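Q: Here's a structure for you.
The values are calculated or read from the model by the stated rules, or taken from the named source; none is laboratory data. Treat the numbers as computed from the prediction; the structure is a model and nothing was measured. Positions of Cβ are backbone-derived with ideal geometry, glycine not excepted, and every protein chain shown enters the neighbour counts.
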Amino acid sequence: MKPDLPESPAPADADARRAVAPVICYPVDTLPRPDLAGLRAARAGAHKTGEVLVPPREARMFRVPAGHFFRIACTKGPQVGDLNLWNAADLSERFYSGKTRALHGTHLSTGDRMWSCLPFLRPMATITDDTLDWYGFDSFGGSVHDVIGTRCDPYTHRLLSGGNYHHCCHSNLTRALAAETGLPLAEAEGHVHDVLNVFMCTGFTRDTGQYFMKASPVRPGDHLEFFAEIDLLAALSACPGGDCSAEHSSDTAACFPLLVETLAPAAPPRGWAPPPRNGYGA
Ligand SMILES: [Zn+2]
C-alpha cells in the first residue's frame, strides 16, 4: 500500500507525470473471438450427462470432454465457488488467472476465456452464459466472477489471525484433487492454483487499492456456463465464506451447495476444433 505521508518529495512535474493517459497493456483486437452463436446453437441441442453437488465448505471434482458444456448453478442460497481447471491429460497445464486477467480484465463474463499457463497459453474454457452479467460494475468498483483474488487458504489465515482452519478453498481443492488422482496430499497441493472466483463480488478500494469483497448478488437459479475447449479436469470448492459478505476462513458464514451439471451437444459446434497449444517456438 502507498504511504499516507510519502518519504520521497514529489518532483516539480508530478502532476504532469500523473496526467499521462494510460494505454491498454494487451489490446484484444487481434485476439481470436469465440463464435458464440455457433456455441449456443450446439448448446441448444445438448443433453445432460451428469451432475455433481458440491457440499458447503468442501470441493468436488468433475471432468468435461472437449466440445461439451458445464454449468455452475446457485442452489439454495447465495454461495461463492472457487474453480480450478487442468488439462485432463496433463496436470502441468492449468488455469492461468494472471494472464486471463491481463487479457480480459478483472472480472469475466460471456465470451471471455479461461486461459492456460505458459507454455501452453490456449483457451481451456469459454464462458457462454452468465445470468449475472447485468451487474456490471457497482459504485464501489465491484463486480462478479473475478480473476483478481487467489483462493482462501490456511496459511494466510494463520498469518493474519493465528488460527488453524481446515476448510479454506485451497485445502478443499487439495483434498479433492488428491482423492481424484491418488496423489499424496503434499503433491496434489502443488497443483492447486489461483482460481476463477465464481459468483464472488470483489474489487479494489479506490483510495488504498486493497482487495475487497462484498455480499454476492447471486441468487438461487443463477448460473455461469462454460464450453470446454480441451478435455478438462475441474475442481470446485463451495467457499466457507458463503456469499463472502463478512469472512471467509471460518464456519461462521451461512453456506450452501453449488450444483455442477455437464452437458453434451448432439454435434460439435460448427467450425470448432480444440485449440492447439501456443505456437511460439514451434
Ligand atoms: Zn474460499
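Q: How many of the residues in the stretch 115-158 are of a type outside the set (Asp, Glu), within 16 Å of the ligand (Cβ to nearest atom) and either crowded, with 17+ Cβ neighbours inside 10 Å or not in a loop (DSSP other than H, G, I, E, B) (or both)?
A: Counting residues in the stretch 115-158 that are of a type outside the set (Asp, Glu), within 16 Å of the ligand (Cβ to nearest atom) and either crowded, with 17+ Cβ neighbours inside 10 Å or not in a loop (DSSP other than H, G, I, E, B) (or both) gives 12.
Q: With the requirement that a residue be touching a helix residue (DSSP H, G or I) at 6+ places or on another chain (Cβ under 9 Å) and away from the ligand (no atom under 14 Å from the Cβ), what does the stretch 160-181 give you?
A: Across the stretch 160-181, the qualifying residues are Gly163, Asn164, Leu177, Ala178, Ala179, Glu180, Thr181.
Q: Going by the structure shown, is Thr262 surrounded by fewer than 16 Cβ atoms within 10 Å (Cβ to Cβ) and hydroxyl-bearing (Ser, Thr, Tyr)?
A: no
Q: While we're looking at this one, here's another question. How many residues are farther than 21 Å from Asp153 by Cα and outside any strand (DSSP E or B) when one looks only at the stretch 45-77?
A: Total meeting the criteria: 9.
Q: Is it the case that Glu247 is farther than 23 Å from Ala46 by Cβ and surrounded by 14 or more Cβ atoms within 10 Å (Cβ to Cβ)?
A: In short, yes.
Q: Something else: Can you tell me which residues in the stretch 252-262 are away from the ligand (no atom under 13 Å from the Cβ), under 15 Å from Ala73 (Cβ atoms) and not hydroxyl-bearing (Ser, Thr, Tyr)?
A: Within the stretch 252-262, Phe256, Pro257, Leu259, Val260, Glu261 qualify.
Q: Can you tell me how many residues in the stretch 21-36 are touching a helix residue (DSSP H, G or I) at 6+ places or on another chain (Cβ under 7 Å) and farther than 15 Å from Pro123 by Cα?
A: Total satisfying the criteria: 2.
Q: Filter the stretch 212-262 down to residues that are in a loop (DSSP other than H, G, I, E, B), of a type in the set (Gly, Ala, Ser) and touching a strand residue (DSSP E or B) at 6+ places or on another chain (Cβ under 8 Å), then give me how many there are.
A: The total comes to 6.
Q: Return the residues of the stretch 177-231 that are of a type in the set (Val, Ile, Thr) and surrounded by fewer than 14 Cβ atoms within 10 Å (Cβ to Cβ); say none if nothing qualifies.
A: Answer for the stretch 177-231, where residues must be of a type in the set (Val, Ile, Thr) and surrounded by fewer than 14 Cβ atoms within 10 Å (Cβ to Cβ): Thr205, Thr208.
Q: Quick check on my filter: what residues within the stretch 182-203 are within 16 Å of the ligand (Cβ to nearest atom) and in contact (Cβ under 8 Å) with a residue 60 or more places away in the chain?
A: Listed by number, the residues that qualify are Val192, His193, Asp194, Val195, Leu196, Asn197, Val198, Phe199, Met200, Cys201, Thr202.
Q: Out of all the residues in the stretch 1-32, which are surrounded by 10 or more Cβ atoms within 10 Å (Cβ to Cβ) and assigned to a loop (DSSP other than H, G, I, E, B)?
A: Answer for the stretch 1-32, where residues must be surrounded by 10 or more Cβ atoms within 10 Å (Cβ to Cβ) and assigned to a loop (DSSP other than H, G, I, E, B): Ala10, Tyr26, Val28, Leu31.
Q: Pairs, please: C-beta under 7 Å, at least 6 apart or cross-chain, first residue more than 21 Å from Tyr211 (Cβ to Cβ) and in the stretch 233-261, second surrounded by fewer than 18 Cβ atoms within 10 Å (Cβ to Cβ) and of a type in the set (Ser, Thr, Tyr)?
A: Matching pairs, first to second residue: Phe256/Thr75; Pro257/Thr75; Leu258/Thr75; Leu259/Thr75.
Q: Could you say which residue among Ser250, Ser237 is at pLDDT below 95 and hydroxyl-bearing (Ser, Thr, Tyr)?
A: Ser250
Q: For the stretch 216-251, which positions are within 15 Å of the ligand (Cβ to nearest atom) and among the aliphatic types (A, V, I, L, M)?
A: Val218, Ala235, Leu236, Ala238, Ala246
Q: Would you be able to tell me the number of residues in the stretch 79-96 that are in a strand (DSSP E or B), in contact with a Leu (Cβ under 8 Å, 6 or more places away or on another chain) and over 20 Å from Cys168 (Cβ atoms)?
A: 2
Q: Among the residues of the stretch 117-125, is there at least one that is out of contact with any Asp or Glu (no Cβ under 8 Å at 6 or more places or on another chain) and at negative phi?
A: yes
Q: How many residues are in contact with a Phe, Trp or Tyr (Cβ under 9 Å, 6 or more places away or on another chain) and more than 14 Å from Gly142 (Cα to Cα) if we restrict to the stretch 191-224?
A: Residues meeting the conditions: 8.
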